[in-house]
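The structure under discussion appears below in the form of structure tokens.
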Amino acid sequence: MFKIQIRSPGGLGDKRAPSFGDSWEVLKNAMWMIYDGRVSELSFEVLFNVVYTLTLRKQGAELYEKIGRFFEEKLHELKISAFETSSTNVLSTLLQVWDKHCESLRLISDITMYLDKVYCKENRRQLIYDMGLEKFRDIILKASKGEVHSQMGKEINNARLGSETVDFQALKSLIAMMETLTDISDTYYLTEFEPSLLQDTRDFYRNFITNYTGEAISYPKEVQVLLDKEREVDAKFLNQDIMIKLSTVVEGILISDNIQFVTEQVVSELLRKDLHSDLRLMFSLSRAPQDKKRLWKQCSQYISGEGMSITGDLTLKKRTQAAVKWTSELIDMKKKYELVLRDIADDDSIDIKAVNEAFAVILSHNGKRNADFLATYLDSLLRSSAAEDLTKLQMEEAIAMFKLLRDKDVFEKLYLQQLSKRLLQQRSPIKLEKHLVNRMKEEVGGSFTLKPEGMFRDISVSQVNNTRFHQSYQVPYAYDMSVLTWTCWPFQQTSNEKQIILPAALEGLKLDYENYYMKTYSGRVLTWAYHLGSLDIGFQFKKSYHIITMPIYAAIIFMLFENHEELTTQDMSDLTNIPENELIRNLLTLAIAPKTRLLKKQPMSKKVLPSDKFRINHSFSSPTTKVKVLAVLSKSESETQATSNNDSPTAEILGERRQCVEAAIVRVLKRNQKLYSDQLFEKVRESVTSRFQLDPGTFHKSVDRLVEREYMQRDPDDSSFYHYLP
Amino acid sequence: MRSTDQNFKELCYWCRIGDVENVDRLISTGVNLNDNDEFNNSPLFLASLCGHEDLVTLLLKRGAICDRDRHEGARCIYGALTDSIRNILLKYDISKAVDLKQPFAAHLSSQLNDRGIKSHDLILQDRAGQKVKLHRFLLLARSSHFASQLQSMGDDHIALDLPEDVPPVGLDVISKYLYLVPLLHGISRKDSLAVGRFCKLLGFDGLAEFLEKASDLQDQVEISKLMTEFQHRFTEEARKQMQEFAATVVREKRLVSVTNGIPLDVLHSMKVGPTMPDVFLFVRKRESSEEGFIYPCHRSILTRSEYFKVMFASSFDETTLYRQTQEGILDRTVNFPVVSFPICDCQTAELILSYLYYDRTDIPWQSAINVLRASDALLIDRLKTMTAVAITQSSEFLEMHTVFDVLDVAWEFRLERLEHHVAKTIADNIPFYVTQPSMREAILRSSSMLQTREETDTIELVDDIRYYLLKKYNIDVEDLDEINWDENDGEESITRKDIFTYKSDFQRLENLLQDMNVNV
């Protein structure tokens, strides 16, 4: 009958326990058998008991040393038999040895459990298992380190090149082994292998870049393919953490290290060829913030380059047309790139920034002309009779440009002039004008819109007055007065208007209105600005009847012919007291301008001399009943306008700027009492930035002047330090 | 119940003192942790009031409740001595499904899913074809219904069918109930009627009673209170069943002689016996005796010992007999191995078994040394601590053993608690001990340990004795200096008398050391 044998050496603390030498022989044999795969022939009980007894007898230290030496012996033997006899792949041999060692180690540490718990813990020694791993690291792995690393590198590079024969499972096991083994304070993988892996990766992709022969525009797609491929390969044998590290390295090589190529060639080409989806790809691939920045900068540079290539078409005869064409081209471009870049950006703010930066550059280049063009563009928008919604939309786009304009004061100058004309001539819907001004106020603040608002007030007050005036006086004519606050309007004050002799009808009206106005607002002085007004006169010419709208001076002249058949220039001057330059200008308008030749001039020349004679041109005709007489520009005026065409702001604007800067300096210094020069500059620059760009030259000149006038003084010890003088 | 009452009082005492091991030992006797003493204090309140952080954590782990919506819980939180204790209480307060885990219960729960040693040996299936793998012995121990079914079934049968009208959740409820996995919060009201019906059928009366009571309740707080109460009841019920079962294991032991090997037919008859073992434990009668007892045991219980856990999980000879069936459970038709117990003493073995099966921790002092030795060899740390506690608790122990025997044990098994106990005992009767030759020997051994330990320049044993001398007379080190000042006052105070006796005790120890020529 089959019997079960009990192999336990009969209880603990057996007084007849064998000597250390005998016990060690038992253990050593058992460990050999474990390495030979014969574990199932061994009794756990017996072996555990051997270790237990030795440990209890305080022979743990000796046992521990012996086990350590056993591992060394065994591993040396494995090294010789595995690596030096077989010629097969070093990696698979390594793995075989590793697996065998680990398995054996696990079983050995099972039987040495009591040693681990008692001896190792009390004496702060490594556990048997960990000690075995370290022995493996030193004896096997480090001995063949160079070869192992280079073989693995080769395998991985083969995988990147698409080789089919790569054994990913082996690579995975090797990495796992390296992560299991500790070294210094970290894993062997981190201290030894990873640097080599990363270096191999870098070399591989650097090599790719140096040999890159494809077109710039296909680079984003190529990079995407490479990254995908790398990820695919990595996923087969690496964990997430390492994959991320490798991806970062690869991106670093392909994008960050290659950023010059990426920006200067790839991005520019993509923008030039309108390959926006590739551009988007390029952006999403460049994940490092500094790379993204470079890309945005490149976009911005490219756009500003393109914008500056839109030159105002100076061949167009009319300045207005050139301005409108230039501005709308620019607006279209802006819309296009905003669309493109907004699509790319992951947050909403940055796209505007890149485009805005670009347009700020475009607008500051050739600044004065651009400001003029923009104002003119707005003027033509407001004068056009397009639908209100559409106009508002276009206005919005123009305001976005206006925001980016640095020399806002230049713009303001022309804008106010044009606005005043539009208002007085009632050439634009007041609602839209107000809307525009409100929008500007929202964008750049209230100081900018003080004058326009004053103008609107004048206009609306005047309308009320007109109605009242019409109610209280019998007025035979349609008669609109605009009373203007002169500080709000961009006109020079006239002084000699009183002496002008008006035709009787007008004189009466004038007196009536003055009368009315004085009654309403006592203590105010009305000064008449005839040169701003206009008058409609109906007249039967030989062929047709026309209603002619003309400036007041022209009307005064025209009405002289009610009583006179023919007059010389000198006569007219005597009869009306109109200043000579105005008289000549209006005569040129009435007698020379081809479309509105209401007067005949003798002799027929282009110049007006005091002796020239004028009479009504009865043969005048025009295709429309209504005729508008536009005042021609006198020569000197057109000259000033022509000279103002250059880029630098006019002397007048410079003067205003100077005042503005000085005021700002005093304001700032008064608040702070004392400041260093650069702080002062910074604060002043900030406070005027909504109007123009402050340059250090202007600033220093203003400071010098203020010091001279004793608004402030330099510190005696430090000349860059200023004190406010109350 | 008087005894529980006594245990509870003792528990409250240790909670004040802050003795984690003693509290753990008493909890294992099944004391209701959420009871109150005559002053309406709960053990948790006492522990947190007295500032014993480890103890608070232990009590909470073992199922003490701190619900701040109720008076008792709020009192614990306000009474907490330190912020860190309060934080522990507040953190535990959130868990609704309180896991009342006694260590043996936690081990049982882990066996339901643990496939580490693949010891499941039965498939339980319902009529819908759902299956779950279980242990036969647990069914035997915990359900009379299943026990009778199992006993009439052969080793070659592997599956057991549930009655027809069991609802789909039945399988889950049964297995969780058997393995003491908290399940009450998982039974929906919808199922509770049907579950209750088959519980009665299977003899799970406690569960049936709970479902009945809970169905009348609406208030969630009330329900969770009820759950806690019943979860505790289930654990205690299971402990009793496991106790009975362990008694069966012991009763079924067979005397054998190993001179010619153990006859297989003996093992076979035990294998189909009332405990359905999957391993046999052999205990020699005496050292190097050829005779001994074989106990029919269960691997999934023995693995509570680290020693057996590694043995069964490894691939040494002991595991080579086991096979799995096609269905993925243990094949019971093969022979099971006999493993031997490291101590040649049946009493010790049975004590260890009763600890493993149902957490018995009241170790009789007579067996304490052996149990200590065995639990050290088998790597059962908790039992080691419990046994050390038993030694310190027993006054008879020192009548049979000298204090120096205890010291030997303490050193051999690295039990600091016992070392302190010895030092305290010596301090309490120093005039006697300084005359003992063993005392000198002990001091020499302690100082020789110093060289190997290389810790400080002192002898640990002497240091400990000095410390307990101070404690004995309730003296602070600072007091000594102060007393020197008023020595001339001539005023007889109690303190002064104490100091005086202390000094003479102290001097006795010093004399001894001087005599031995030891520099401390």
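Brief remarks follow.
- Residues with amide H under 5 Å from that of A:SER534, placed H, sequence gap 5 or more: A:ILE552
- Angle of helix A:20-35 to the longest C-alpha principal axis of chain A, folded into 0 to 90 degrees and rounded to 10: 60°.
- With the simple spin-label model, which puts each label point 7 Å out from Cα in the Cβ direction, the A:ARG705 to A:TYR473 separation comes to 4.4 nm.
- Environment charge of A:PHE237, counting only residues whose C-beta is closer than 10 Å and scoring Lys/Arg +1, Asp/Glu -1: -1
- Shielding by partners for peptide A:35-46, expressed as the average number of C-beta atoms from other protein chains within 10 Å of each residue's C-beta, is 4.
- Between the beta carbons of A:GLN679 and A:SER447, assuming R0 = 25 Å, the FRET efficiency works out to 0.65 to the nearest 0.05.
- In this Cβ point-charge picture (+1 for Lys and Arg, -1 for Asp and Glu), the stretch A:461-528 has a dipole of about 160 debye about its Cα centre.
- Between A:LEU535, A:VAL225, A:SER621, the Cα set farthest toward the positive side of the dipole of the protein assembly as shown (charges on each charged residue's Cβ, about the Cα centre) is that of A:SER621.
- Tensor-based shape of the stretch B:170-237 (alpha-carbon gyration tensor, a/c under 1.5 rounded, otherwise prolate or oblate): oblate
- Among the chymotrypsin sites (Phe, Trp or Tyr not before Pro) within the stretch B:108-196, not one is in coil by DSSP while having at most 12 neighbouring Cβ atoms inside 10 Å.
- Peptide A:105-117 has a mean shielding of 3, counted as Cβ atoms of other protein chains within 10 Å of each residue's Cβ.
- With a 10 Å cut-off around each Cβ of A:50-61, the average count of Cβ atoms from other chains is 1.
- Contact order, relative form, for chain B: 10 percent (alpha carbon pairs under 8 Å, 6 or more residues apart, mean separation divided by residue count).
- Gain upon complete extension [A:LYS172, A:ASN563; 0.36 nm per residue less C-alpha separation]: 129.4 nm
- Of the trypsin sites (Lys or Arg not before Pro) found in the stretch A:686-726, those in coil by DSSP whose Cβ has at most 16 other Cβ atoms within 10 Å are A:ARG709.
- Segment A:LYS121-A:GLU84, extension gain: residue separation times 0.36 nm, minus the distance between their alpha carbons: 9.5 nm
- Each Lys and Arg adds +1 at its Cβ and each Asp and Glu adds -1 at its Cβ; summed about the Cα centre, the stretch A:197-342 shows a dipole of about 840 debye.
- For chain B, DSSP calls about 70 percent of its internal beta bridges antiparallel.
- Longest exposed-site-free window of chain B, the sites being GluC sites (Glu not before Pro) in a DSSP loop that have at most 10 other C-beta atoms within 10 Å: B:165-395
- Expressed to the nearest 5 percent, the antiparallel share of DSSP beta bridges inside the stretch A:531-634 is 80 percent.
- Positive end of the dipole of the protein assembly as shown (Cβ unit charges, origin at the Cα centre): among A:TRP296, B:CYS297, B:ILE88, the Cα lying farthest that way belongs to A:TRP296.
- Relative contact order of chain A, pairs being alpha-carbon contacts under 8 Å that are 6 or more residues apart, as %: 6
- In this calculation the C-beta distance from B:THR259 to B:GLU287 is compared with R0 = 22 Å, giving a FRET efficiency of 0.90.
- Under 5 Å, built H, 5+ apart or other chain: amide partners of B:PHE316: none
- A simple spin-label model places pseudo-atoms 7 Å from Cα toward Cβ; at A:LYS628 and A:ASN29 they are separated by 12.3 nm.
- Proximal lysines relative to A:LYS325, as straight alpha-carbon distance under 19 Å, when same-chain residues fewer than 8 apart are discounted: A:LYS317, A:LYS334, A:LYS335, A:LYS336, A:LYS368, A:LYS392
- Cross-link reach is defined here as a Cα-Cα straight distance under 18 Å, omitting same-chain residues fewer than 8 places apart; for A:LYS613 the aspartates and glutamates meeting it are A:GLU562, A:GLU565, A:GLU566, A:ASP571, A:ASP574, A:GLU580, A:GLU582.
- Sites counted here are GluC sites (Glu not before Pro) in a DSSP loop (not H, G, I, E or B) having no more than 11 other Cβ atoms within 10 Å; the longest part of chain A that contains none of them is A:216-561.
- Extension gain, A:HIS435 back to A:LYS245 (0.36 nm per residue minus Cα-Cα distance, nm): 62.8 nm
- Of all beta bridges that DSSP places with both ends in the protein assembly as shown, some 80 percent have antiparallel geometry.
- In order along the stretch A:587-595, the Karplus-derived 3J(HN,Hα) couplings, from 6.51 cos²θ - 1.76 cosθ + 1.60 at θ = phi - 60°, round to 5, 4, 4, 7, 10, 10, 3, x, 7 Hz, and Gly and Pro are given as x.
- Spacing of the two label points (7 Å from each Cα toward its C-beta) at A:SER720 and A:GLU62, in nm: 8.2
- Mean separation of Cα contacts under 8 Å (6+ apart) over length of the stretch B:2-93, as relative contact order %: 25
- Integer Hz, Karplus 6.51/-1.76/1.60 couplings in order for the stretch A:561-574, x for Gly and Pro: 7, 5, 10, 10, 7, 8, 9, 8, 4, 5, 4, 4, 4, 5
No lab work stands behind these numbers, since they all come straight from the coordinates. In this text, all values refer to a predicted model and were calculated from it rather than measured experimentally. Glycine also receives a Cβ, built like all others from the backbone with ideal geometry; neighbour counts cover every protein chain displayed.
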